[in-house]
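Asks: Encoded as C-alpha coordinates, here's the structure I'll be asking about.
The values are calculated or read from the model by the stated rules, or taken from the named source; none is laboratory data. Every value quoted in this text rests on a predicted model; they were computed, and no experiment measured them. Reconstructed Cβ throughout: ideal geometry from the backbone, glycine too, with neighbour counts over all protein chains shown.
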(Lines give C-alpha, C1' and ligand atoms only; values in the text may rest on other atoms or scores of the structure.)
Protein backbone atom coordinates (compact mmCIF):
# COMPACT_ATOMS: atom_id res chain seq x y z
CA UNK A 1 0.00 0.00 0.00
CA UNK A 2 2.75 2.46 0.96
CA UNK A 3 4.63 1.60 -2.23
CA UNK A 4 1.49 2.35 -4.29
CA UNK A 5 1.02 5.68 -2.55
CA UNK A 6 4.67 6.54 -3.14
CA UNK A 7 4.42 5.66 -6.83
CA UNK A 8 1.21 7.70 -7.17
CA UNK A 9 2.82 10.70 -5.45
CA UNK A 10 5.87 10.44 -7.71
CA UNK A 11 3.64 10.29 -10.76
CA UNK A 12 1.68 13.33 -9.62
CA UNK A 13 4.90 15.29 -9.11
CA UNK A 14 6.05 14.34 -12.63
CA UNK A 15 2.74 15.51 -14.11
CA UNK A 16 2.90 18.82 -12.22
CA UNK A 17 6.50 19.42 -13.29
CA UNK A 18 5.63 18.56 -16.90
CA UNK A 19 2.71 21.01 -16.84
CA UNK A 20 4.82 23.89 -15.64
CA UNK A 21 7.60 23.03 -18.07
CA UNK A 22 5.16 22.96 -20.98
CA UNK A 23 5.23 26.26 -22.90
CA UNK A 24 2.07 28.21 -22.14
CA UNK A 25 1.02 28.29 -25.79
CA UNK A 26 0.72 24.47 -25.69
CA UNK A 27 -1.22 24.27 -22.43
CA UNK A 28 -4.61 25.01 -23.97
CA UNK A 29 -4.18 22.53 -26.83
CA UNK A 30 -1.39 20.05 -27.21
CA UNK A 31 0.73 20.00 -30.33
CA UNK A 32 -1.53 20.12 -33.40
CA UNK A 33 -0.78 19.25 -37.00
CA UNK A 34 -1.36 22.92 -37.87
CA UNK A 35 1.71 23.75 -35.77
CA UNK A 36 3.89 21.86 -38.26
CA UNK A 37 2.74 23.87 -41.28
CA UNK A 38 5.49 25.74 -43.07
CA UNK A 39 4.82 29.46 -43.09
CA UNK A 40 5.52 29.55 -46.81
CA UNK A 41 2.89 26.82 -47.39
CA UNK A 42 0.09 28.49 -45.44
CA UNK A 43 -2.04 31.02 -47.40
CA UNK A 44 -2.72 32.84 -44.13
CA UNK A 45 0.91 33.00 -42.95
CA UNK A 46 3.00 33.38 -46.09
CA UNK A 47 3.02 37.18 -45.87
CA UNK A 48 4.50 36.90 -42.37
CA UNK A 49 7.27 34.62 -43.64
CA UNK A 50 8.18 37.02 -46.46
CA UNK A 51 8.58 39.88 -44.00
CA UNK A 52 10.55 38.04 -41.30
CA UNK A 53 14.25 38.53 -40.76
CA UNK A 54 14.56 35.18 -38.92
CA UNK A 55 15.41 32.43 -41.42
CA UNK A 56 15.17 29.73 -38.73
CA UNK A 57 11.49 30.52 -38.08
CA UNK A 58 9.96 28.18 -40.62
CA UNK A 59 6.74 26.75 -39.11
CA UNK A 60 3.69 28.09 -37.31
CA UNK A 61 4.97 26.68 -34.01
CA UNK A 62 8.25 28.56 -34.47
CA UNK A 63 6.32 31.83 -34.17
CA UNK A 64 5.50 30.84 -30.59
CA UNK A 65 8.69 29.03 -29.63
CA UNK A 66 10.85 31.94 -30.83
CA UNK A 67 8.46 34.82 -30.11
CA UNK A 68 11.13 36.80 -28.26
CA UNK A 69 13.43 36.60 -31.28
CA UNK A 70 10.91 37.64 -33.92
CA UNK A 71 12.03 40.51 -36.10
CA UNK A 72 10.35 41.86 -39.20
CA UNK A 73 12.33 43.62 -41.91
CA UNK A 74 9.20 45.21 -43.33
CA UNK A 75 5.48 45.37 -42.68
CA UNK A 76 3.77 42.00 -43.19
CA UNK A 77 1.46 42.85 -46.09
CA UNK A 78 -1.68 40.68 -46.42
CA UNK A 79 -2.98 42.40 -49.59
CA UNK A 80 -2.83 39.25 -51.72
CA UNK A 81 -4.63 37.22 -49.04
CA UNK A 82 -7.36 39.86 -48.69
CA UNK A 83 -7.83 40.07 -52.46
CA UNK A 84 -8.07 36.29 -52.71
CA UNK A 85 -10.88 36.13 -50.15
CA UNK A 86 -12.76 38.98 -51.81
CA UNK A 87 -12.35 37.48 -55.28
CA UNK A 88 -13.65 34.06 -54.23
CA UNK A 89 -16.74 35.70 -52.74
CA UNK A 90 -17.26 37.79 -55.85
CA UNK A 91 -17.20 34.60 -57.92
CA UNK A 92 -19.85 33.06 -55.69
CA UNK A 93 -22.05 36.13 -56.06
CA UNK A 94 -22.25 35.33 -59.78
CA UNK A 95 -23.57 31.84 -58.96
CA UNK A 96 -27.36 31.93 -58.63
CA UNK A 97 -27.39 28.82 -56.42
CA UNK A 98 -25.73 30.80 -53.61
CA UNK A 99 -28.29 33.59 -53.80
CA UNK A 100 -31.05 31.04 -53.29
CA UNK A 101 -29.61 30.16 -49.90
CA UNK A 102 -30.91 31.14 -46.47
CA UNK A 103 -30.29 34.72 -45.37
CA UNK A 104 -28.25 35.24 -42.21
CA UNK A 105 -27.07 38.56 -40.75
CA UNK A 106 -24.39 39.06 -38.10
CA UNK A 107 -23.16 41.99 -36.04
CA UNK A 108 -20.21 42.29 -33.66
CA UNK A 109 -19.84 45.35 -31.47
CA UNK A 110 -17.60 46.44 -28.62
CA UNK A 111 -20.06 48.70 -26.82
CA UNK A 112 -17.54 50.24 -24.42
CA UNK A 113 -19.56 50.08 -21.19
CA UNK A 114 -16.62 49.96 -18.81
CA UNK A 115 -16.83 51.21 -15.23
CA UNK A 116 -14.23 49.18 -13.35
CA UNK A 117 -12.79 49.44 -9.86
CA UNK A 118 -9.82 47.93 -8.06
CA UNK A 119 -10.60 45.87 -4.97
CA UNK A 120 -14.23 46.87 -5.35
CA UNK A 121 -13.88 50.57 -4.45
CA UNK A 122 -10.83 52.21 -6.11
CA UNK A 123 -11.67 53.81 -9.48
CA UNK A 124 -9.73 52.02 -12.25
CA UNK A 125 -11.19 52.81 -15.69
CA UNK A 126 -14.39 54.33 -17.00
CA UNK A 127 -15.47 54.81 -20.61
CA UNK A 128 -16.45 58.43 -21.34
CA UNK A 129 -20.13 59.40 -21.36
CA UNK A 130 -21.16 56.06 -19.91
CA UNK A 131 -24.34 57.35 -18.27
CA UNK A 132 -25.50 59.11 -21.44
CA UNK A 133 -24.97 56.09 -23.70
CA UNK A 134 -25.92 53.02 -21.68
CA UNK A 135 -29.71 53.31 -21.89
CA UNK A 136 -29.84 54.03 -25.61
CA UNK A 137 -27.35 51.41 -26.85
CA UNK A 138 -29.61 48.32 -26.54
CA UNK A 139 -32.43 49.98 -28.50
CA UNK A 140 -30.01 51.14 -31.21
CA UNK A 141 -28.45 47.70 -31.52
CA UNK A 142 -31.65 45.63 -31.66
CA UNK A 143 -33.19 48.07 -34.11
CA UNK A 144 -30.63 46.69 -36.60
CA UNK A 145 -32.54 43.37 -36.46
CA UNK A 146 -29.44 41.20 -37.02
CA UNK A 147 -29.90 37.46 -36.56
CA UNK A 148 -26.73 36.99 -34.49
CA UNK A 149 -25.36 39.76 -32.27
CA UNK A 150 -22.00 39.44 -30.51
CA UNK A 151 -21.27 42.12 -27.91
CA UNK A 152 -18.15 42.85 -25.90
CA UNK A 153 -17.58 45.13 -22.90
CA UNK A 154 -20.98 44.72 -21.30
CA UNK A 155 -19.29 44.65 -17.92
CA UNK A 156 -21.83 45.95 -15.43
CA UNK A 157 -24.77 43.97 -14.06
CA UNK A 158 -27.21 46.82 -14.66
CA UNK A 159 -26.23 46.90 -18.34
CA UNK A 160 -26.52 43.13 -18.65
CA UNK A 161 -30.05 43.19 -17.24
CA UNK A 162 -31.14 46.09 -19.44
CA UNK A 163 -29.81 44.38 -22.59
CA UNK A 164 -31.62 41.21 -21.58
CA UNK A 165 -34.88 43.10 -21.06
CA UNK A 166 -34.79 44.76 -24.48
CA UNK A 167 -33.61 41.52 -26.12
CA UNK A 168 -36.62 39.59 -24.82
CA UNK A 169 -38.94 42.30 -26.07
CA UNK A 170 -37.35 42.08 -29.52
CA UNK A 171 -37.49 38.29 -29.76
CA UNK A 172 -33.90 37.32 -28.93
CA UNK A 173 -32.42 34.58 -26.77
CA UNK A 174 -29.35 35.69 -24.83
CA UNK A 175 -26.25 33.83 -23.66
CA UNK A 176 -24.02 35.11 -20.86
CA UNK A 177 -21.39 33.32 -18.82
CA UNK A 178 -21.38 33.07 -15.02
CA UNK A 179 -20.04 36.28 -13.52
CA UNK A 180 -19.42 35.03 -9.97
CA UNK A 181 -15.80 34.01 -10.46
CA UNK A 182 -14.67 36.36 -13.22
CA UNK A 183 -15.98 38.89 -15.71
CA UNK A 184 -15.43 38.50 -19.45
CA UNK A 185 -17.81 41.28 -20.52
CA UNK A 186 -19.33 39.08 -23.25
CA UNK A 187 -22.98 38.62 -24.15
CA UNK A 188 -24.43 37.00 -27.27
CA UNK A 189 -27.93 37.27 -28.74
CA UNK A 190 -29.65 34.98 -31.25
CA UNK A 191 -33.10 35.45 -32.72
CA UNK A 192 -35.41 33.07 -30.91
CA UNK A 193 -36.77 31.42 -34.08
CA UNK A 194 -33.23 30.39 -35.12
CA UNK A 195 -32.12 28.65 -31.95
CA UNK A 196 -33.94 25.37 -32.61
CA UNK A 197 -33.61 22.48 -30.20
CA UNK A 198 -30.77 21.35 -27.96
CA UNK A 199 -28.80 24.60 -27.86
CA UNK A 200 -25.68 24.40 -25.71
CA UNK A 201 -23.55 27.10 -24.12
CA UNK A 202 -20.02 27.08 -22.74
CA UNK A 203 -17.91 29.94 -21.37
CA UNK A 204 -14.18 29.54 -20.93
CA UNK A 205 -11.31 31.90 -19.99
CA UNK A 206 -8.18 31.75 -22.10
CA UNK A 207 -5.17 29.95 -20.68
CA UNK A 208 -2.94 32.92 -21.57
CA UNK A 209 -3.90 36.02 -19.59
CA UNK A 210 -2.58 39.24 -18.14
CA UNK A 211 -3.05 38.23 -14.46
CA UNK A 212 -3.04 41.85 -13.32
CA UNK A 213 -6.41 42.35 -14.98
CA UNK A 214 -7.87 39.92 -12.47
CA UNK A 215 -6.06 40.96 -9.31
CA UNK A 216 -5.58 43.65 -8.22
CA UNK A 217 -7.58 44.53 -11.33
CA UNK A 218 -11.40 44.32 -11.67
CA UNK A 219 -11.59 40.48 -11.81
CA UNK A 220 -11.40 40.39 -15.61
CA UNK A 221 -10.36 37.21 -17.37
CA UNK A 222 -10.33 37.33 -21.16
CA UNK A 223 -12.15 34.41 -22.69
CA UNK A 224 -14.67 33.17 -25.19
CA UNK A 225 -18.21 31.85 -25.43
CA UNK A 226 -19.10 28.77 -27.47
CA UNK A 227 -22.76 28.45 -28.37
CA UNK A 228 -24.05 25.57 -30.49
CA UNK A 229 -27.47 25.89 -32.09
CA UNK A 230 -29.39 23.64 -34.45
CA UNK A 231 -30.62 26.11 -37.05
CA UNK A 232 -33.94 24.92 -38.51
CA UNK A 233 -32.66 25.19 -42.10
CA UNK A 234 -28.87 25.35 -41.92
CA UNK A 235 -28.09 22.64 -39.38
CA UNK A 236 -25.43 23.00 -36.69
CA UNK A 237 -23.96 26.47 -36.15
CA UNK A 238 -21.13 27.08 -33.71
CA UNK A 239 -21.00 30.66 -32.43
CA UNK A 240 -17.90 32.01 -30.72
CA UNK A 241 -17.79 35.40 -29.03
CA UNK A 242 -14.40 36.65 -27.85
CA UNK A 243 -12.52 39.65 -26.55
CA UNK A 244 -8.75 39.23 -26.69
CA UNK A 245 -6.28 41.02 -24.44
CA UNK A 246 -5.67 44.68 -25.25
CA UNK A 247 -2.44 46.76 -25.19
CA UNK A 248 -0.07 46.76 -28.18
CA UNK A 249 2.79 45.35 -26.10
CA UNK A 250 0.80 42.15 -25.39
CA UNK A 251 0.92 40.84 -28.97
CA UNK A 252 2.46 37.55 -27.80
CA UNK A 253 -0.49 36.81 -25.48
CA UNK A 254 -2.93 37.56 -28.31
CA UNK A 255 -1.07 35.10 -30.53
CA UNK A 256 -1.69 32.37 -27.96
CA UNK A 257 -5.33 33.35 -27.49
CA UNK A 258 -5.94 33.33 -31.26
CA UNK A 259 -4.48 29.83 -31.57
CA UNK A 260 -6.52 28.61 -28.59
CA UNK A 261 -9.92 29.72 -29.82
CA UNK A 262 -9.27 28.82 -33.48
CA UNK A 263 -8.17 25.27 -32.58
CA UNK A 264 -11.15 24.93 -30.23
CA UNK A 265 -13.45 25.81 -33.13
CA UNK A 266 -11.71 23.44 -35.52
CA UNK A 267 -11.66 20.51 -33.11
CA UNK A 268 -15.24 20.93 -31.84
CA UNK A 269 -16.95 21.12 -35.23
CA UNK A 270 -17.69 18.73 -38.07
CA UNK A 271 -17.07 19.32 -41.76
CA UNK A 272 -20.76 20.00 -42.34
CA UNK A 273 -21.01 22.51 -39.47
CA UNK A 274 -20.66 26.25 -39.85
CA UNK A 275 -18.54 28.15 -37.33
CA UNK A 276 -18.67 31.89 -36.72
CA UNK A 277 -16.05 33.58 -34.55
CA UNK A 278 -16.73 37.23 -33.80
CA UNK A 279 -15.45 39.83 -31.43
CA UNK A 280 -12.86 42.43 -30.53
CA UNK A 281 -9.59 40.65 -31.30
CA UNK A 282 -7.37 43.69 -30.63
CA UNK A 283 -5.33 42.68 -33.68
CA UNK A 284 -5.51 44.29 -37.10
CA UNK A 285 -4.42 42.65 -40.37
CA UNK A 286 -1.85 45.36 -41.12
CA UNK A 287 0.14 48.21 -39.60
CA UNK A 288 2.01 50.73 -41.74
CA UNK A 289 5.04 51.23 -39.51
CA UNK A 290 6.69 49.27 -36.72
CA UNK A 291 6.87 52.32 -34.47
CA UNK A 292 4.35 54.81 -33.18
CA UNK A 293 5.12 58.27 -31.83
CA UNK A 294 3.12 58.96 -28.69
CA UNK A 295 1.76 62.44 -27.89
CA UNK A 296 4.64 62.90 -25.41
CA UNK A 297 7.07 61.98 -28.26
CA UNK A 298 8.11 58.62 -26.82
CA UNK A 299 8.35 55.79 -29.34
CA UNK A 300 6.41 52.52 -29.08
CA UNK A 301 7.93 49.61 -31.04
CA UNK A 302 6.81 46.20 -32.38
CA UNK A 303 3.57 47.24 -34.04
CA UNK A 304 4.11 44.80 -36.93
CA UNK A 305 3.91 41.93 -34.44
CA UNK A 306 0.36 43.01 -33.63
CA UNK A 307 -0.71 41.69 -37.05
CA UNK A 308 0.35 38.11 -36.25
CA UNK A 309 -2.76 37.11 -34.26
CA UNK A 310 -5.07 37.97 -37.18
CA UNK A 311 -3.14 35.63 -39.48
CA UNK A 312 -3.09 32.87 -36.85
CA UNK A 313 -6.88 32.97 -36.57
CA UNK A 314 -7.19 32.24 -40.28
CA UNK A 315 -4.50 29.56 -40.24
CA UNK A 316 -5.48 27.51 -37.18
CA UNK A 317 -9.22 27.69 -37.74
CA UNK A 318 -9.29 27.43 -41.55
CA UNK A 319 -11.23 30.67 -41.30
CA UNK A 320 -12.36 33.25 -43.83
CA UNK A 321 -12.67 36.95 -43.06
CA UNK A 322 -16.31 37.74 -43.85
CA UNK A 323 -15.81 41.50 -43.70
CA UNK A 324 -13.21 41.32 -46.46
CA UNK A 325 -15.26 38.90 -48.52
CA UNK A 326 -18.16 41.36 -48.65
CA UNK A 327 -16.14 44.29 -49.98
CA UNK A 328 -16.24 45.56 -53.57
CA UNK A 329 -13.14 44.62 -55.55
CA UNK A 330 -11.62 48.10 -55.43
CA UNK A 331 -11.72 48.01 -51.61
CA UNK A 332 -10.45 44.45 -51.08
CA UNK A 333 -7.13 45.54 -49.59
CA UNK A 334 -8.42 48.69 -47.88
CA UNK A 335 -6.78 47.67 -44.59
CA UNK A 336 -3.45 48.20 -46.31
CA UNK A 337 -4.29 50.96 -48.78
CA UNK A 338 -5.92 53.33 -46.27
CA UNK A 339 -3.32 52.61 -43.59
CA UNK A 340 -0.51 53.48 -45.98
CA UNK A 341 -2.03 56.94 -46.40
CA UNK A 342 -2.17 57.47 -42.65
CA UNK A 343 -0.39 60.44 -41.12
CA UNK A 344 0.26 60.32 -37.38
CA UNK A 345 -1.90 62.81 -35.42
CA UNK A 346 -3.41 64.32 -38.56
CA UNK A 347 -6.94 65.72 -38.41
CA UNK A 348 -7.07 65.91 -42.21
CA UNK A 349 -6.56 62.15 -42.52
CA UNK A 350 -9.80 61.54 -40.63
CA UNK A 351 -11.57 64.18 -42.65
CA UNK A 352 -10.51 62.62 -45.96
CA UNK A 353 -10.74 58.91 -45.05
CA UNK A 354 -14.07 57.09 -45.46
CA UNK A 355 -15.27 55.10 -42.45
CA UNK A 356 -15.33 51.73 -44.23
CA UNK A 357 -12.54 49.70 -42.58
CA UNK A 358 -11.11 50.76 -39.23
CA UNK A 359 -13.26 49.92 -36.21
CA UNK A 360 -10.85 51.54 -33.74
CA UNK A 361 -9.65 54.99 -34.73
CA UNK A 362 -9.20 58.48 -33.33
CA UNK A 363 -11.65 59.59 -36.03
CA UNK A 364 -14.18 58.29 -33.48
CA UNK A 365 -14.55 61.10 -30.94
CA UNK A 366 -15.14 58.67 -28.09
CA UNK A 367 -12.06 56.60 -29.01
CA UNK A 368 -9.94 59.74 -29.36
CA UNK A 369 -11.09 61.00 -25.96
CA UNK A 370 -10.15 57.69 -24.37
CA UNK A 371 -6.86 56.87 -26.14
CA UNK A 372 -5.69 60.34 -27.15
CA UNK A 373 -3.50 59.54 -30.13
CA UNK A 374 -1.70 56.53 -28.63
CA UNK A 375 -2.59 53.83 -31.21
CA UNK A 376 -2.72 53.21 -34.94
CA UNK A 377 -6.15 53.14 -36.57
CA UNK A 378 -6.97 49.48 -37.19
CA UNK A 379 -9.71 46.96 -37.85
CA UNK A 380 -9.64 45.29 -34.45
CA UNK A 381 -13.15 43.81 -34.64
CA UNK A 382 -13.80 40.79 -36.86
CA UNK A 383 -16.32 38.20 -38.01
CA UNK A 384 -14.63 35.00 -39.19
CA UNK A 385 -16.23 31.85 -40.57
CA UNK A 386 -15.13 28.23 -40.82
CA UNK A 387 -16.96 27.04 -43.92
CA UNK A 388 -15.33 23.85 -45.14
CA UNK A 389 -18.19 23.01 -47.53
CA UNK A 390 -18.06 26.53 -49.01
CA UNK A 391 -21.72 27.27 -48.34
CA UNK A 392 -21.43 31.01 -47.57
CA UNK A 393 -21.54 34.03 -49.82
CA UNK A 394 -21.34 37.53 -48.32
CA UNK A 395 -23.91 39.84 -49.86
CA UNK A 396 -22.69 42.90 -47.99
CA UNK A 397 -20.33 43.89 -45.19
CA UNK A 398 -19.52 47.16 -43.52
CA UNK A 399 -19.41 49.28 -40.40
CA UNK A 400 -22.35 50.46 -38.31
CA UNK A 401 -22.77 53.26 -35.78
CA UNK A 402 -20.12 55.47 -37.39
CA UNK A 403 -22.22 58.61 -37.06
CA UNK A 404 -22.34 60.84 -34.02
CA UNK A 405 -25.64 60.92 -32.17
CA UNK A 406 -27.11 63.47 -29.80
CA UNK A 407 -27.29 61.54 -26.54
CA UNK A 408 -28.12 64.68 -24.56
CA UNK A 409 -28.61 68.27 -25.72
CA UNK A 410 -24.90 68.81 -25.11
CA UNK A 411 -23.30 65.45 -26.04
CA UNK A 412 -22.87 64.65 -29.75
CA UNK A 413 -20.74 61.47 -29.95
CA UNK A 414 -20.60 57.98 -31.40
CA UNK A 415 -22.52 55.29 -29.45
CA UNK A 416 -19.25 53.50 -28.54
CA UNK A 417 -15.51 53.96 -28.84
CA UNK A 418 -15.52 51.20 -31.47
CA UNK A 419 -17.56 51.00 -34.64
CA UNK A 420 -19.68 47.89 -35.11
CA UNK A 421 -19.15 45.49 -37.98
CA UNK A 422 -21.90 43.66 -39.84
CA UNK A 423 -22.09 41.00 -42.54
CA UNK A 424 -25.15 39.95 -44.51
CA UNK A 425 -24.93 36.39 -45.86
CA UNK A 426 -26.63 33.88 -48.07
CA UNK A 427 -25.96 30.35 -46.82
CA UNK A 428 -26.62 27.10 -48.67
CA UNK A 429 -28.07 24.18 -46.81
CA UNK A 430 -25.59 21.57 -45.62
CA UNK A 431 -25.35 18.37 -47.61
CA UNK A 432 -27.91 15.93 -46.29
CA UNK A 433 -30.24 18.51 -44.64
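Asks: Looking for something surrounded by 15 or more Cβ atoms within 10 Å (Cβ to Cβ), in the same structural domain as residue 186 (by TED's automatic domain parsing) and not in a strand (DSSP E or B) - is there at least one such residue anywhere in segment 404-412?
Replies: There is no residue in segment 404-412 that is surrounded by 15 or more Cβ atoms within 10 Å (Cβ to Cβ), in the same structural domain as residue 186 (by TED's automatic domain parsing) and not in a strand (DSSP E or B).
Asks: Going through segment 154-163 one residue at a time, which ones are surrounded by 22 or more Cβ atoms within 10 Å (Cβ to Cβ) and either at pLDDT below 95 or not in a helix (DSSP H, G or I) (or both)?
Replies: 154, 155
Asks: Also, I was wondering about something else. So how many residues does segment 269-317 have that are over 15 Å from the mean Cα position of the chain (by Cα) and either closer than 30 Å to residue 228 by Cβ or free of Cβ contacts under 8 Å to residues at least 40 places away in the same chain (or both)?
Replies: 12
Asks: Can you find a residue in segment 99-111 that is outside any strand (DSSP E or B) and closer than 22 Å to residue 245 by Cα?
Replies: Checking segment 99-111: not a single residue is outside any strand (DSSP E or B) and closer than 22 Å to residue 245 by Cα.
Asks: Can you tell me which residues in segment 307-332 are out of contact with any strand residue (DSSP E or B) (no Cβ under 8 Å at 6 or more places or on another chain) and within 16 Å of residue 48 (Cα to Cα)?
Replies: 307, 308, 309, 311, 312, 315, 316
Asks: Something else about it: Among (1) free of Cβ contacts under 8 Å to residues at least 12 places away in the same chain; (2) touching a helix residue (DSSP H, G or I) at 6+ places or on another chain (Cβ under 7 Å), there is one condition residue 259 misses while meeting the rest; what is its number?
Replies: Failing condition for residue 259: (1).
Asks: Sticking with this structure for a sec: Tell me yes or no: at least one residue of segment 187-205 is part of a loop (DSSP other than H, G, I, E, B) and under 17 Å from the mean Cα position of the chain (by Cα).
Replies: No.
Asks: Can you name the residue in segment 415-433 that is surrounded by fewer than 24 Cβ atoms within 10 Å (Cβ to Cβ) and closer than 19 Å to residue 140 by Cα and is also nearest to the chain's Cα centre (by Cα) among such residues?
Replies: Only one residue tops the list, namely 422.
Asks: Against the definition (in the same structural domain as residue 332 (by TED's automatic domain parsing), part of a helix (DSSP H, G or I) and either closer than 23 Å to residue 385 by Cβ or in contact with a strand residue (DSSP E or B) (Cβ under 6 Å, 6 or more places away or on another chain) (or both)), how does residue 88 come out, yes or no?
Replies: no
Asks: Something else now. Just to verify a result, which residue in segment 114-125, among those that are in a strand (DSSP E or B) and within 22 Å of the chain's Cα centre (by Cα), is modelled with the highest pLDDT?
Replies: 115
Asks: Name the residues in segment 265-301 that are surrounded by fewer than 23 Cβ atoms within 10 Å (Cβ to Cβ) and in a helix (DSSP H, G or I), would you?
Replies: The answer is 266, 267.
Asks: Further question: Return the residues of segment 222-242 that are assigned to a loop (DSSP other than H, G, I, E, B) and surrounded by fewer than 18 Cβ atoms within 10 Å (Cβ to Cβ); say none if nothing qualifies.
Replies: Matches in segment 222-242: 232, 233.
Asks: Further question: When you check residue 144 against the structure, is it surrounded by fewer than 23 Cβ atoms within 10 Å (Cβ to Cβ) and in a loop (DSSP other than H, G, I, E, B), yes or no?
Replies: yes
Asks: Can you pull out the residues in segment 45-61 that are part of a helix (DSSP H, G or I) and farther than 18 Å from residue 302 by Cα?
Replies: 46, 60, 61
Asks: Would you pick out the residues in segment 61-75 that are buried (at least 17 other Cβ atoms within 10 Å of the Cβ) and in contact with a strand residue (DSSP E or B) (Cβ under 8 Å, 6 or more places away or on another chain)?
Replies: 70, 72
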